[in-house]
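Okay, structure first, notes after.
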Amino acid sequence: MLAFIVRRIITTIPVMAFVALFVFSLLYVAPGDPAAVIAGDQASPADVERIRASLGLDRPYLVRFAEWSFRVLQGDLGTSIFTSLPVTQLIAQRIEPTLSLMVLTLIFAVSIAVPMGVIAAWKAGTWIDRGAMAFAVFGFSVPVFVVGYLLAYVFALQLDWVPVQGYTPLSQGFWPWFRNLILPAMTLGLVYIALIARITRATMLEVLQQDYVRTAQAKGVGQREVLFLHALKNAAVPIVTIIGIGIALLIGGAVVTESVFAIPGLGRLTVDAILRRDYPVIQGVVLMFSLVYVLVNLLIDLTYTIVDPRIRY
Amino acid sequence: MDRRTFLKTAAGTGALAAAGGLAMPALAQGAAAAKTLRFVPQANLANFDPIWGTQYVVRNAALLVWDTLYGIDSKFEPKRQMVESETVSADGLTWTFKLRDGLKFHDGAPVTSKDVVQSLKRWQARDPMGLMIKAIEVELAPVDDMSWKWVLNKPYPKMLLALGKNNAPCTFIMPERIANTDPFTQITEYIGSGPMKFVRSEWVPGAKAVFEKFADYKPRTEKPDWLSGGKVMMFDRVEWVIMPDPATAAAALQNGEVDWWETPLADLVPILKRNTNVSVDIGDPLGNIGAFRMNHLHPPFNNVKVRQAVMTALNQEDYMRSIVGDDDKLWKPMASFFTPGTPLYTEEGGEIMKKKNVAEAKKLLAESGYKDEPVICVVAQDMAATKSMGDVTAELLKSIGMKVDFVATDWGTVGARRAQKTAPGQGGWSMFHTWHAGADCVNPASYTAVRANGEKAWFGWPDVPAVETEVTNWFNAKDMAEEKAAMGRLNKAAVENVVYCPTGFYLGYQAWRKNVSGVTSGPFPVLWGVTKA
């Protein structure tokens, strides 16, 4: 197992190097000029040129890529063109809100979606099943920002239970942290409830037709045990996979959610950086996202061995 | 339902709920709330060097942290701010300035003339008026700890305006060691002598910027008026909360989670006005001037008759309604290049801008010998105002028989592409849309866009000696009458040669909670003198 983990981590290095090269090249050919944004609208072309030179943006592509790669290998993601702050610092400032949002969203989504999918499969064809799946379709179809505004209207503006916007770090207490995050987590979670519930239902339907389920039922095992211990355990591999993929998708979904609820997370950092062509920040964030993606996939693989002991590495 | 309509509806229902007493405003208001102002600025404070980066949001934040030598008031007159006194020699060549006593930087060090001189040198390199002074400068040096002199080889009557104007970059005074930084490199230490200290440890670019009251600030005793007078801060702490989403900002203001929103979306203003806890009024009385610029270097707009044809067909109302909607208080037509309502405003020679005349435009286009060259119209779709104006222009050009190649892109790309001098078919451009802050267009001092000095001019590179002559005449004017005369001739020359096309004058609102008092209109948010119950 340890050898597998080490091997997997080593194989991520070329993947990430390729991602880095791709992103770096993409930014190089993309139009847009951070120096023009910095200089302001009244600046002369000569001013813009001097700022570009001071930022090193006038140097050849290969030189810039080589320097950046060398720094990255030393754990230095560079300095933001706009803020003059280290990219690692900017990411560190923003990682907690995004991680918090992702974790709370997953807890919220999984704790609702898995039972919903199991029950829908158990009651297949009934109004419960149809209702659950209609809810799932709704969750998947309605844009995140629409859900966000509706929830903010009801729970923040009308009922005044939670704030409209902002983020309170966990270090300032669980309750303030939770109050700020519950609406964004519900907003983002709705999409994943839909996704996970549908996969759970489909997989469970398949498993519930297996002989061992019939045997368990014939032996008089209780319905709850049959569903959640026998069947769900055997349906777990695809569900775990979809939850894992969901984590990666959450990063994208978080961009809109963070904007709607004014959460200072990585999503907003990325969008801001792209709009301003803040190359070092874009590169740093993309590199980090790709690392997260690779690690999530590794975790999924490892989880398989827990939920299905027949799987060995 | 499109997203914009949805935002309006969502925010609207929130307003009704709030107006009906369903929402309680106590959410975010703690015991110390009256000492903290939560302000939603127009944009993200992404960097904090007001000389290196000249975005308005940086200037606005800098006005809290760094003080200026002079400050203009609402009559556009420069008044002493850090300066105690000034003298100018009879020949107008030697200026001597003296600092006020007791001025301190946030690190406790006294403000000295060495700090001022170095700060002025850094400012000069980046400011159009600073560069003009530099060109006639013999010496800029300290006389003693509190005084410095500026020796010129030619009089510069607009000296005090240069030192007190609110256009970025302003004459922000920094400690000498910080002001030693190359003007094209960003400073990393944010120490000023202004009324607030910047709390760097709490700065999260893109999310939050925090300022704390500077206990040792010594405000002037005069009544505050824009950049002049006493900048007395009534808050211990000012928090800038960056909110990229207008509907969220509207909801947060209705809910009392923020106190003041600098630039509410025009669509959301009617909703905010219905909320009994929120006040809404014009923010910047100097507003903005919508504009599109044509490339004077290449066909078809290197031909003055083609430019005149476009200006003749232009109806400013079409542009303004596309930006501000139906609110007639928010816009004005302007047969001028200058900011309406300001002392030097002139419409001399602007008749062509007053009446849309498509037939006349077509005639002019035919006379010009236009050869059906495509107009590469580069439009930033991520800016509401530029997108609206771009759509109107595309129809305008087609209506007079011009071929349009509409390039929909983002502002970052427009910013880079407009610097290209190559032909439109080879990566260049024919026209792009933008706007100018009315505060910059009050007179020629900081009005880069109206300059027509060819290669040195702003994008589009107009070359009109008659305009430049009048700019010089204005700078050399000895009294108001001479200034007005020069401005009239300047406007006429700019219209005749279509330096660029103004598309109208428009204003924006600001909104604040009713428990906040002392909010005034200004070309920047005036946070001093504001209190909160």
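With a ≥ b ≥ c taken as the square roots of the eigenvalues of the C-alpha gyration tensor of the stretch B:119-160, please select rounded if a/c is under 1.5 and otherwise prolate if a/b is larger than b/c or oblate if it is not? Can you show the working numbers first?
On the way: a/c = 1.95, a/b = 1.32, b/c = 1.47.
Taking the square roots of the gyration eigenvalues as a ≥ b ≥ c, the stretch B:119-160 is oblate.
Using DSSP, restrict attention to beta bridges with both residues in chain B and report what percent are antiparallel, rounded to the nearest 5. Please list the in-between numbers first.
Details: 54 of 68 bridges.
For chain B, the DSSP antiparallel bridge percentage is about 80.
Using only the alpha-carbon atoms, how far is helix A:87-122 inclined from the longest principal axis of chain A? Give it as 0 to 90 degrees, nearest 10.
The two axes meet at around 20 degrees.
Roughly what % antiparallel, to the nearest 5, for the DSSP beta bridges in the protein assembly as shown?
Of the beta bridges lying entirely in the protein assembly as shown, close to 80 percent run antiparallel.
So, in nm, how far is label B:R177 from label A:I9 when the simple model puts each one 7 Å beyond its Cα toward the Cβ?
In this crude label model, B:R177 to A:I9 measures out at 4.3 nm.
Taking amide H atoms as placed 1.01 Å from N in the peptide plane, list the residues 5 or more away in sequence, or in a different chain, whose amide H sits under 5 Å from that of B:D405.
B:V375, B:I376, B:C377
Based solely on its DSSP helices, what 222 nm [θ] is calculated for the protein assembly as shown when runs of n ≥ 4 H residues each add -39,500 (n - 2.57) and the sum is averaged over all residues, nearest 500 deg cm²/dmol?
On the way: 27 runs with 378 residues, N = 846.
Rounded to the nearest 500, the figure is -14500 deg cm²/dmol.
Can you say what percent of the DSSP beta bridges in the stretch B:291-431, counting only those with both residues inside, are antiparallel? Round to 5.
10 percent
Using label points projected 7 Å from each Cα along Cα→Cβ, tell me how many nm separate B:A485 and A:F289, to one decimal.
Going from the B:A485 label point to the A:F289 one covers 6.3 nm.
Please give the net charge around A:P280, taking every other residue with its beta carbon less than 12 angstrom from that of A:P280, where Lys and Arg add +1 and Asp and Glu add -1. It would help to have the intermediate numbers written out before the result.
Values: positive: A:R64, A:R71, A:R276, A:R277; negative: A:E67, A:D76, A:D278.
Neighbourhood net charge equals +1.
How tilted is helix A:236-260 with respect to the longest principal axis of chain A? Cα atoms for both, answer in degrees (0 to 90, nearest 10).
Taking the Cα atoms of chain A, the angle to A:236-260 is about 40 degrees.
According to the Cα gyration tensor, what semi-axes, each the square root of 5 times an eigenvalue, does the equivalent ellipsoid of chain B have, listed from largest to smallest in whole Å?
38, 33, 19
Using each residue's phi in the stretch B:393-399, evaluate 6.51 cos²θ - 1.76 cosθ + 1.60 at θ = phi - 60° and report the 3J(HN,Hα) Karplus result to the nearest Hz, with x for Gly and Pro.
In residue order, the calculated couplings are 4, 4, 5, 4, 5, 5, 5 Hz.
Taking a ≥ b ≥ c as the square roots of the eigenvalues of the Cα gyration tensor of the stretch B:164-240, is the shape rounded (a/c under 1.5), prolate (a/b larger than b/c) or oblate?
Oblate, since a/c reaches 1.5 and b/c is not below a/b.
Please state the relative contact order of chain A as a whole percent: Cα pairs under 8 Å, 6+ residues apart?
On the way: 336 pairs, mean separation 81.8, N = 313.
Answer for chain A is 26 percent.
If you add up the charges near A:S44, with Lys and Arg at +1 and Asp and Glu at -1, over every other residue whose beta carbon is less than 12 angstrom from its beta carbon, what do you get?
-1
Rank B:F301, A:F228 by accessible area, highest first, at a 1.4 Å probe radius?
Listed by decreasing accessible area, they come as A:F228, B:F301.
If eta is 1.002 mPa s and T is 20 °C, what Stokes-Einstein diffusion coefficient results for the protein assembly as shown, Kirkwood Rh from Cα pairs, in µm²/s?
Numbers: Rh = 29.7 Å.
Translational D for this selection: 72 µm²/s.
Quick one: net charge of B:K514's neighbours, Cβ under 14 Å, K/R +1, D/E -1?
On the way: positive: B:K273, B:R274, B:R513, B:K532; negative: B:D259, B:D281.
Counting the neighbours of B:K514, the net charge comes to +2.
For the stretch B:224-367, just say rounded, prolate or oblate: build the C-alpha gyration tensor, square-root its eigenvalues into a ≥ b ≥ c, call rounded for a/c under 1.5, and beyond that prolate if a/b exceeds b/c, oblate if not.
Taking the square roots of the gyration eigenvalues as a ≥ b ≥ c, the stretch B:224-367 is prolate.
What is the distance in Å between the Cα centroid of the stretch A:110-174 and that of the stretch A:1-80?
39 Å
Please identify the longest segment of chain A free of exposed trypsin sites (Lys or Arg not before Pro), where exposed means a DSSP state other than H, G, I, E or B and no more than 16 other Cβ atoms within 10 Å.
Looking at chain A, A:1-122 is the longest stretch - no exposed trypsin sites (Lys or Arg not before Pro) with at most 16 other Cβ atoms within 10 Å.
I'd like the distance between the alpha-carbon centres of the stretch B:310-327 and the stretch B:459-524, rounded to an integer number of Å.
So the two Cα centres are separated by 19 Å.
May I ask for the angle, rounded to the nearest 10°, between helix A:2-29 and the longest principal axis of chain A, with both axes built from Cα atoms and the value confined to 0 to 90°?
On a 0 to 90 degree scale, this one is about 50.
Suppose a student asked you for the relative contact order of chain B, using Cα pairs under 8 Å spaced at least 6 residues apart; what percent would you report?
Numbers: 1155 pairs, mean separation 101.0, N = 533.
Relative contact order of chain B: 19 percent.
The values are calculated or read from the model by the stated rules, or taken from the named source; none is laboratory data. Remember, it's a predicted structure, so these values are computed and weren't measured experimentally. Reconstructed Cβ throughout: ideal geometry from the backbone, glycine too, with neighbour counts over all protein chains shown. To get the accessible areas, we keep the full protein, side chains included, count just its heavy atoms, and leave off ligands, DNA and RNA. Shrake-Rupley method; radii C 1.70, N 1.55, O 1.52, S 1.80 Å.
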